[in-house]
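Everything below concerns the one structure shown next.
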Amino acid sequence: MTSWSPGRLVTARVKQDVNQWNVNKCWDESGSWDAFYLRAWISQCIAERCQPELNSATHVDTSFLNGKEHQCVQDFVWENFQIDQHKPREVAATFSNLKTRKDGRIDVTNDNYKSRMRRSERQTVIATTSTGREYNTRAYGVKGKKTTLGAFDRRVSDDIQSIRVVGRQDPSNSERLADSLLLCVLQGKKTFQKSPFIRLFWFPNWKKFSPPPDSAASREDTVQKVLDSARLNASQEEVVRKAQTNERILIVHGTGKTTTIAAISRIWDLHDCPVWITAHSNVAVKNIALSLHKRQVDFKILVSKEFYEEWHEHMYAAVQDNLIRSDELPASGVAMERLIVAN
């Protein structure tokens, strides 16, 4: 179940005509005492109207967590909070076209992917006219480069000179999953020690990398062939060889990381060892995919529809046959496996 924003919950259970953005803003202004008191009051109002749900809900209980797990939870929450605090609260939108639709709403063509207007319950869109007058609305839908805003008077929409977006973005899918994992841990439904990613960094008992049981000489011959074809320098070659050991974590700093990752993936691929590769941006993942394609490594690349459609199709022309869009992912696990392993 997708969690609701505070504004949406208040609208559904307390007062229908409430300004949702003002309610959500109380949770966004974490450093304000006024916002803190309002959060407490709003939470009490919601609780009074949600007694059946509260009575049936699984309660949070941290008494079963050991010291290491408590520290993990603390750092998990604090680091996510710090990341959120550094996100911008106001962004100027760059756009090239405004078109009023028959229903009165406005279609805006965004010029920049990073500053594009996205649908969000936690943000308000402020349009400014040539006279400096401001009008508030929301983004109701996004498709490719186009964002649909709420309706204005025709005279206003024809005179819009600038647009800015104020407030926090809705959580991404990965942020929602992280929040869900944290809640399940606090409720005792899951444990951090069974989360492979968290276990890798926090809890030392981790399975060792074990290539198929072929001879050591054969493995070394395969590794050397990949190293020769990749034309790696000495430091890159050292990293590739380290990746074949039982080291749990490798930190590689400097240039040539994409080439090194491709070489490691090529070796694991030849030994039928699957590997998942992630990076901090879509562009970084795309660069790795191009390197894998160049070295004839079998792979699939997952790209979000939002990033791909109308914005960056050209970036993936060379790896089109390996590409899976996020909106094309099947619900069935069997179908997903067939999609990923299909040649």
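Listing for the model above:
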read-out	value
Nitroxide proxy distance, nm - points 7 Å out along Cα→Cβ at Thr245 and Glu310	5.1 nm
Percent carbon-and-sulfur accessible area, the chain, ignoring ligands, DNA and RNA, probe 1.4 Å	52 percent
Total formal charge among the other residues, if their Cβ is under 13 angstrom from that of Ala279, Lys/Arg +1 and Asp/Glu -1	+2
Under Karplus coefficients 6.51, -1.76 and 1.60, residue-wise ³J(HN,Hα) of segment 263-278 in Hz, glycine/proline x	5, 4, 5, 5, 5, 5, 5, 5, 9, 6, 9, x, 9, 9, 10, 10
Value of Rg/Rh across segment 11-136 [Cα atoms, Kirkwood radius]	1.07
Solvent exposure of the chain as accessible area per residue, Å², 1.4 Å probe	65 Å²
Mean-position separation - Cα centroids, segment 245-315 and segment 1-56, in angstrom	42 Å
Shape call, the chain: gyration tensor on alpha carbons, a/c limit 1.5	oblate
Charge sum, other residues only, whose C-beta stays under 13 Å from Asp111's C-beta, Lys/Arg counted +1 and Asp/Glu -1	+3
Qualifying trypsin sites (Lys or Arg not before Pro) for segment 124-206 [loop in DSSP, other Cβ within 10 Å: at most 12]	Arg133, Lys189
Neighbour net charge for Val303 - beta-carbon separation under 9 angstrom, K R +1, D E -1	+3
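The values are calculated or read from the model by the stated rules, or taken from the named source; none is laboratory data. All of these numbers come straight from a predicted model, not from anything done at the bench. Heads up, the Cβs are rebuilt from the backbone with ideal geometry, glycines too, and the neighbour counts pull from every protein chain shown. SASA here: full protein model, heavy atoms, side chains in, ligands and nucleic acids out. Shrake-Rupley method; radii C 1.70, N 1.55, O 1.52, S 1.80 Å.
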